[in-house]
Amino acid sequence: MLVAVASDHGGFALKEKVKEYLRERGDKIVDLGTTSEESVDYPIYGKACAEAVASGKAERGIVCCGTGIGISIAANKVKGIRCGLCTSVEMAELTRKHNNANMLAMGGRTTDPDLAMEIVKAFMDTEFEGGRHKRRTDMLDEM
Ligand code: RB5
């Protein structure tokens with residue numbers, strides 16, 4: 001799968017680890033920055049990643065900031081984006097099954113890196129259940 005990734009400085013180290021993990025799996029990556037731990041503004045990176053997914057340039061997006069909160073808020077402002085902020089494998093499975101999330105957000109300062117890779121695996125490998133959930137995601141996409 002082609003995955004766009006982005007982070008601010010607080011999520012930079014986790015983004016780099018996510019890239020390594022995705023490469024090992026054989027996924028393709030578009031890295032939209034940032035490129036170091038120098039302070040930057042997370043809305044810029046959340047928006048860039050979300051636009052890559054919304055436009056179809058990437059099939060999925062993964063974004064990281066210190067908590068995952070700010071960058072997920074930014075991503076969810078882009079039409080067509082359903083970005084789930086996940087702190088557990090169960091949340092990642094459910095945001096795919098129920099929300100058909102096309103983006104995942106995680107916190108580089110709040111989520112253990114090994115757990116984060118399990119979260120990425122669940123996000124990448126879990127299918128949308130459709131059915132009643134499709135009606136609801138359609139409502140989200142209309143907003
Ligand atoms: C940056 O210090 C921090 O505020 C940011 O990474 C993020 O946690 C915001 O939600």
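Between 53, 78, the distinction of being in contact with an Asp or Glu (Cβ under 9 Å, 6 or more places away or on another chain), open to solvent by less than 20 Å² (accessible area, probe 1.4 Å) and more than 20 Å from residue 13 (Cα to Cα) belongs to 53 only.
Whether any residue in the stretch 114-137 is surrounded by fewer than 14 Cβ atoms within 10 Å (Cβ to Cβ) and either in contact (Cβ under 8 Å) with a residue 60 or more places away in the chain or under 12 Å from the mean Cα position of the chain (by Cα) (or both) is what I want to check. No; the residues of the stretch 114-137 include none that is surrounded by fewer than 14 Cβ atoms within 10 Å (Cβ to Cβ) and either in contact (Cβ under 8 Å) with a residue 60 or more places away in the chain or under 12 Å from the mean Cα position of the chain (by Cα) (or both). Do you know which of the residues in the stretch 93-111 that are within 16 Å of the ligand (Cβ to nearest atom) and open to solvent by 50 Å² or more (accessible area, probe 1.4 Å) is farthest from residue 42 (Cα to Cα)? Result: 110. Within the stretch 7-17, being within 14 Å of the chain's Cα centre (by Cα) and within 12 Å of the ligand (Cβ to nearest atom) holds for 7, 8, 11, 12, 14, 15. Reported count of residues in the stretch 57-66, each being open to solvent by less than 60 Å² (accessible area, probe 1.4 Å) and either within 16 Å of the ligand (Cβ to nearest atom) or over 13 Å from residue 84 (Cα atoms) (or both), is 6.
For residues that are surrounded by 16 or more Cβ atoms within 10 Å (Cβ to Cβ) and within 16 Å of the ligand (Cβ to nearest atom), scanning just the stretch 18-42, find the one that is farthest from residue 78 (Cα to Cα). Applying the filter and picking the extreme gives 18.
The values are calculated or read from the model by the stated rules, or taken from the named source; none is laboratory data. Everything numeric in this text was worked out from a predicted model, so none of it was measured. A quick note on method: Cβ atoms are made from the backbone with ideal geometry, for glycine too, and the neighbour counts reach across all protein chains shown. For accessibility, only protein heavy atoms count, side chains too; no ligands or nucleic acids. Shrake-Rupley method; radii C 1.70, N 1.55, O 1.52, S 1.80 Å.
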